[in-house]
Amino acid sequence: MRNYESMYILKPELEEEAIIAIVTRFEDVVKNGGGEIVKTDRWGKRRLAYEVNGITEGHYILMTFKSPSSVTQELDRVLKIQDDVVRQLVVKKDE
């Protein structure tokens, strides 16, 4: 298994319960694929560097995990189809 990081930004109008549900859903994608969550950091609501589809701020989430490469493809697919995700990125982390 390799180390990966996923950074995603959620819409600013989401309530706490919705944020927790979304984060849990993405963690479950990794766990169900045979991966392991190392750490999930919630950075809170921050201003975006530039406007994205009329949105100027969002909730930043950084998830560090270990998994087979197939899990990253599924996670990326799920992140892209989730309407509440403004931006997302999944990258392989150096050892």
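Listed here are the residues, each with its yes/no results for (1) exposed (fewer than 15 other Cβ atoms within 10 Å of the Cβ); (2) at pLDDT 95 or above; (3) in a strand (DSSP E or B).
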residue	(1), (2), (3)
GLY44	yes, no, yes
LEU48	no, no, yes
THR56	yes, no, yes
SER70	yes, no, no
ARG77	yes, no, no
VAL91	yes, no, yes
GLU95	yes, no, no
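ILE61: touching a strand residue (DSSP E or B) at 6+ places or on another chain (Cβ under 8 Å), surrounded by 14 or more Cβ atoms within 10 Å (Cβ to Cβ) and farther than 18 Å from LYS93 by Cβ, yes or no? Answer is no for this residue. Among the residues of region 4-59, those that are within 24 Å of THR72 (Cβ to Cβ) and of a type in the set (Asp, Glu) comprise GLU5, GLU27, ASP28, GLU36, ASP41. Out of the residues in region 24-39 that are in a helix (DSSP H, G or I) and without any contact (Cβ under 8 Å) to a residue 40 or more places away in the chain, state the one that is farthest from SER67 (Cα to Cα). Going through the qualifying residues, I end up with THR24. Selection over region 40-71 of residues that are in contact (Cβ under 8 Å) with a residue 60 or more places away in the chain, within 13 Å of the chain's Cα centre (by Cα) and over 15 Å from ASP28 (Cβ atoms) gives a count of 1.
Residues that are in contact (Cβ under 8 Å) with a residue 60 or more places away in the chain and within 26 Å of MET1 (Cβ to Cβ) within region 77-86 comprise LEU79, GLN82, VAL85, listed in sequence order.
The values are calculated or read from the model by the stated rules, or taken from the named source; none is laboratory data. Being a predicted model, the structure only gives us computed values, none of them experimental. Note that each Cβ is placed from the backbone with ideal geometry, even for glycine, and that neighbours are counted across all protein chains shown.
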